[in-house]
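Okay, structure first, notes after.
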Amino acid sequence: MPETIHLPMGPQHPFLKEPAKFDFDIQGEEIVGARMQMGYNHRGIEKLCEDRNYYQCLFILERICGICSHSHTTAFVQATEKLLGLEVPKRGLYLRTLVCELERLHSHLLWLGVAAHEVGFDTLFMLVWRDREIVMEILEEISGNRVNYAINTIGGVRRDLTEEQRKKILAMLEPLLARTEYYAGIGTNEPSFVGRIRGVGRMSKERAIEKCAVGPFGRASGVDMDIRRDDPYGAYPDLEFKVITSDECDIYGRVLVRVFEIVESCKLVRQILENLPEGEIAVKKVMRRVPAGAAISRYEAPRGEDVHWVRGNGTEKPERVKVRAPTMANLEAATESVVGALVADIPIAIASIDPCFSCTDRTTVALNDRRRGRRLTTWAELRQHGIDWYRKNKGISF
Amino acid sequence: MNALKVALYILVYPGFLFQSGFSTFLEWLDRKVYARMQNRRGPMYTGWAGILQPIADIVKLLSKEDIVPAAADQRAFAFMPILSLAAVFTAGLYLPVWHLRSFNSFEGDLIVVLYLLTIPSFALFLAGWFSVSPYSLLGATRVLTQLFAYEVPFFMAVLTPAVLAGSWQISKIAIFPWTVAGHWWVIPIELIAFVVAILALQAKLERVPFDIPEAETEVVGGPLTEYSGKKLAIFRLQKDILMYVGAALVACVFLGGFGALPQGGDQASIGVLGLVFGGYLGGVAGLLLGVVGLLLKTTLVVFLLSTLRAACARIRIDQIVRFSWRYLAPWSVAQFLIVLLLKAKGAV
Amino acid sequence: MFKKLIKWARTKSPWVLHFNSGACNACDIEILAALMPHYDLERFGVQLKATPRHADVLLCSGPVTKQIAPRLKRIYEQMPEPKAVVAVGACACSGGAFRGCYNVLEGVDQIIPVAAYIPGCPIKPEALIDGVAKLLGKA
Amino acid sequence: MVARDYETDLKVLFPGSEVKRSEPRYFWVGIERDALLDAVRTLRDKLGIHHLTTIVGEDMRDHFLLSYIMSGEIVVVLQVKVDRDKPEVPTLANLIAGAVVYERELHDLFGIVPVGHPDLRRQVLPEDWPAGVYPLRKDAVLPKPTVEGEGGEPNA
């Protein structure tokens, strides 16, 4: 019976770019126990939102996560639109969905690269990330930003797409589709890569259902669930796409699901651009006061089901914003799937759910106070300062 | 052999200066090839096309603060880098890069070189063991496990040409294909052993796909996690020289190495180039051609290693053990049998 | 002469360690993107290292949450001299969008000395390259 | 889209409760705290709704409102009122393993105790967070932020 060694991983560890701590008990190379500790990324969003109006919330929620920033804002504006009873114009919905799919594309490419890096396949990592830049360029073309697109607004989107841009993006898609199909081939066929991921990190279908696994992680275990199809939103009712599932139940399955979703997303983007309807992109007049009531909005983020719960109370500020990020649902399951594997499998097994701790740890508390004798400007003060400044210097009164 | 000459041999060529210089060049080449395979450019602004990059790295590390963890065994921690550098450096002196024979060559130096090349792995293991951090310990045990996996196939692969040549002396093995006219075709015969040696060398150098002890995403820096400053610089230099010595050894025993110098006219050939020019060149020109030939072959081996590194994912520790005992070892045995058969038939 | 050589080596070979102190991922990805073929920081000799012992420059993103602060300090102390810290992104500079949050310490410079600030939410890879180049130019 | 008449089914299954419908596939059911486990079991076994999306906790000032969002072909939101004085709910951990994390979060942020929960460690809050302070309660008095172990001097 070999001695049990306690191996902490994180919060600073190269296998995860984000701070989270895993404690593993290992015997030799085998893992016999795993625990997880979060909270290193605990900032302050749910409470912060109670202190902001809806548009400011949008700004904060965009910064929950740098990878799926569009997911969170979309889920939030959808819930708010439900409360307000707004009907978003078709073109607005299409553009929103376009960014959704592009985001999925860049997120999955990012993940494929990271997965390759976790098993030391740096060449695939580099090549995939090179082509991810194409997606980033498209997103920059659409929104003007590489990461936080800031394209959603309550009642529609903020930027329109010109005909030239549409054609340009369609032209950029062609090489992307070809390359992603090539990477799909490498990711599922390259022997040393497949040798590392096949049969590792197993999670049976039953267990995945019990653990409420979502997204590609669940789909790779045969859980056929995709919010885009089950609870359609945006432009998805009009679009045709396949929901990819796999019965492999291991990391190989998760790679399979994701690489084919990449290809599927590419096709979806093309479909959206080719069928882009004419018209307005956003509702012109939106009430600033949101009526009382609660609304749920589900959204299929790249990592799975993202849920926002918004309760309005008749004022400009929400009463409660609750965010359930997909990683939260998958993390326990992934930690469990590591037990029995080897130390070498930890990075890829944890990475196989595409964890995003900034999403998961989002809740913290806002407090405006003095600290170390330094005066912080509270939001109210800053606002008052702005109003005064304008009144004094520009003669504008609010 | 007077003292000055020996000092020159040890310090300048083929000793310390040459080994350090050429091995940093090889590291640069390796990084460039690796970057190009990934559609990057690699180092560019340090010297011409970044050729001084490895030197800059080492100089910088030498000038940095040197931290020794409080828990570590101070003396052993400091001794290990020096031990491993000394071992590979000495091994390098036995290689016939200077002349037909290295200045201290003797019958059986192949065994000595193989033995010396094992020391860095042990030093690395002990270095990890003495730095007492979980990652170092894990990395250290992996170094040792991996050692048992690749060492036997490597020995067997290198012994094949020795048996073929009927000598344990590197220089004799190196000139064997050229000494008897028409015998250059023994090189392709040893192809299997060559492939095994390349793979095992990659494992010895702990590079992808066999960089298990240093797997960044798993055990951070492996045994070197706690090393910094000068000691890390020495380890890096050691790794570079190990790459050079390993590649040059493979080039010598499998690819004909330096080739034979025009000695008296009838043994006239210098590697592949020698087949063309050897008969006509002698003296200094022949010597230079031989050196260039060997260095080119070494570079070729490094190029193969870099390509291998870029084309693979890291495998697991159990996979490498299985791989080397299931494939590498039987392959080298098969190669051995082929050679014995050929010898018995009197074909070579 | 010797000093010049060392200075040359230092500016030519900055090894970086990336530390996420509660960032939203955006800056982290952009840091990685800067190392990728499109921008390729290795041209300048920059290499991403895994352990603080090997690193010269600490790229720190995120507003520093309360729970990570001691860890950040420890990582900094583990780095051998000479070392420099670069605050990457608006959060790391000042707390950014999360300024005023209770669990957030508003910037890396509250914990450890910072040599360079790269603003942006998130930073662009070009900004990172520019920031690191300026830092090295000053060294 | 929804083939089965879930509304009728739900009304039959939860006779004493109010079943509201918003949008075609969202149903809101208010239930008693003690009926929670039975309700979840009923949904799972009789209607095949086995996915617990999340548990939303809200501070309604005079009580806490917990919304268990269950989803399958439709979405059923089970709403449970919890007393402020006795913030306890039965745990779902034995029925749905995935509920563990959400219940831990509730415990962290609202101080609602899931009775019988297997593992109630802190989930998101720092280890040195004062006991009895629950940040998402409306009346929470939050501690002042401090820097642990004074760091180095900020650079000029």
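The values are calculated or read from the model by the stated rules, or taken from the named source; none is laboratory data. Given the structure is predicted, the values throughout are model-derived calculations rather than measurements. Because the Cβ atoms are built from the backbone with ideal geometry, glycine has one as well, and the counts that use them run over all protein chains shown. Note: areas computed on protein heavy atoms with side chains; ligands, DNA, RNA excluded. Shrake-Rupley method; radii C 1.70, N 1.55, O 1.52, S 1.80 Å.
Matching residues to (1) more than 13 Å from chain D (Cβ to nearest Cβ); (2) closer than 19 Å to D:E58 by Cβ; (3) surrounded by 24 or more Cβ atoms within 10 Å (Cβ to Cβ):
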| residue | (1), (2), (3) |
| --- | --- |
| A:R289 | yes, no, no |
| A:I296 | no, yes, yes |
| A:E319 | no, yes, no |
| A:A341 | yes, no, no |
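B:V132 passes every criterion in (1) open to solvent by 40 Å² or more (accessible area, probe 1.4 Å); (2) of a type in the set (A, V, I, L, M, F, W, C); (3) in contact with a Pro (Cβ under 8 Å, 6 or more places away or on another chain); (4) not in a loop (DSSP other than H, G, I, E, B) apart from (4). With respect to being in contact with a strand residue (DSSP E or B) (Cβ under 9 Å, 6 or more places away or on another chain), open to solvent by 30 Å² or more (accessible area, probe 1.4 Å) and within 19 Å of D:E23 (Cβ to Cβ), A:V310 falls outside the description.
Does B:P153 satisfy being farther than 22 Å from B:W331 by Cβ, at pLDDT 85 or above and surrounded by 24 or more Cβ atoms within 10 Å (Cβ to Cβ)? Considered against the rule, which asks whether it is farther than 22 Å from B:W331 by Cβ, at pLDDT 85 or above and surrounded by 24 or more Cβ atoms within 10 Å (Cβ to Cβ), B:P153 comes out as no. Between A:V147, A:V194, the distinction of being surrounded by 14 or more Cβ atoms within 10 Å (Cβ to Cβ), in contact with a Ser or Thr (Cβ under 8 Å, 6 or more places away or on another chain) and assigned to a loop (DSSP other than H, G, I, E, B) belongs to A:V147 only. Is it fair to say B:V196 is modelled with pLDDT under 80 and either crowded, with 24+ Cβ neighbours inside 10 Å or outside any loop (DSSP other than H, G, I, E, B) (or both)? Here the answer is no, as B:V196 does not meet what is asked. Determine whether C:A33 is at the interface with chain A (Cβ under 8 Å from one of its Cβ atoms) and either of a type in the set (S, T, Y) or open to solvent by less than 30 Å² (accessible area, probe 1.4 Å) (or both). Answer is yes for this residue. Candidates are the residues of the stretch B:31-59 that are open to solvent by less than 10 Å² (accessible area, probe 1.4 Å) and hydrophobic (A, V, I, L, M, F, W, C); the one that is farthest from the other protein chains (Cβ to nearest Cβ) is B:A35.
Table: residues versus (1) open to solvent by 10 Å² or more (accessible area, probe 1.4 Å); (2) within 8 Å of chain A (Cβ to nearest Cβ).
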site: C:P63; (1), (2): no, yes
site: C:M79; (1), (2): no, no
site: C:V88; (1), (2): no, no
site: C:A97; (1), (2): yes, yes
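Scan the stretch A:239-261 for residues that are at pLDDT 85 or above and within 14 Å of another protein chain (Cβ to nearest Cβ) and the total you get is 2. Within the stretch B:239-256, not a single residue is within 14 Å of chain A (Cβ to nearest Cβ) and either part of a helix (DSSP H, G or I) or more than 14 Å from the chain's Cα centre (by Cα) (or both). Of everything in the stretch A:127-144 that is open to solvent by 10 Å² or more (accessible area, probe 1.4 Å) and outside any loop (DSSP other than H, G, I, E, B), the residue that is nearest to the other protein chains (Cβ to nearest Cβ) is A:R130. Considering the stretch C:36-49, the residues that are of a type in the set (A, V, I, L, M) and open to solvent by less than 20 Å² (accessible area, probe 1.4 Å) include one that is nearest to the other protein chains (Cβ to nearest Cβ), namely C:M36.
Quick test of your reading of the structure: C:V64 fulfils all but one of (1) within 15 Å of the chain's Cα centre (by Cα); (2) at negative phi; (3) among the β-branched types (V, I, T). Name the failing condition by number. (2) is the only condition that C:V64 fails. I'm trying to understand the selection: among the residues of the stretch A:79-106, which are open to solvent by 10 Å² or more (accessible area, probe 1.4 Å) and in contact (Cβ under 8 Å) with a residue 40 or more places away in the chain? Matches in the stretch A:79-106: A:E81, A:K82, A:L83, A:L84, A:L86, A:E87, A:V88, A:P89, A:K90, A:R91, A:L93, A:Y94.
Where residues in the stretch A:150-178 are in contact (Cβ under 8 Å) with a residue 60 or more places away in the chain and in a loop (DSSP other than H, G, I, E, B), which of them is most open to solvent (accessible area, probe 1.4 Å)? Here the answer is A:R158. Taken together, C:L105, C:L58 contain a single residue that is within 9 Å of chain A (Cβ to nearest Cβ), among the aliphatic types (A, V, I, L, M), open to solvent by less than 10 Å² (accessible area, probe 1.4 Å) and touching a Lys or Arg at 6+ places or on another chain (Cβ under 9 Å), which is C:L105. For A:G201, the requirement of being out of contact with any strand residue (DSSP E or B) (no Cβ under 8 Å at 6 or more places or on another chain) and modelled with pLDDT under 85 is met. Looking across D:R41, D:R33, one residue alone is open to solvent by 20 Å² or more (accessible area, probe 1.4 Å) and either within 9 Å of chain A (Cβ to nearest Cβ) or under 14 Å from the mean Cα position of the chain (by Cα) (or both). It is D:R33. Of the residues making up the stretch A:107-126, none is part of a loop (DSSP other than H, G, I, E, B), without any contact (Cβ under 8 Å) to a residue 24 or more places away in the chain and open to solvent by 10 Å² or more (accessible area, probe 1.4 Å). Taken residue by residue, the stretch A:246-255 has at least one member that is out of contact with any Phe, Trp or Tyr (no Cβ under 6 Å at 6 or more places or on another chain) and open to solvent by 30 Å² or more (accessible area, probe 1.4 Å). Considering (1) without any contact (Cβ under 8 Å) to a residue 24 or more places away in the chain; (2) open to solvent by less than 50 Å² (accessible area, probe 1.4 Å); (3) of a type outside the set (S, T, N, Q), the lone condition that B:P69 does not fulfil carries the number (1).
Residues checked against (1) touching a residue at least 24 places away in the same chain (Cβ under 8 Å); (2) crowded, with 21+ Cβ neighbours inside 10 Å; (3) of a type in the set (D, E, K, R):
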{"position": "D:V77", "(1), (2), (3)": "yes, yes, no"}
{"position": "D:R84", "(1), (2), (3)": "no, no, yes"}
{"position": "D:P87", "(1), (2), (3)": "yes, no, no"}
{"position": "D:I96", "(1), (2), (3)": "yes, yes, no"}
{"position": "D:Y102", "(1), (2), (3)": "yes, yes, no"}
{"position": "D:G111", "(1), (2), (3)": "yes, no, no"}
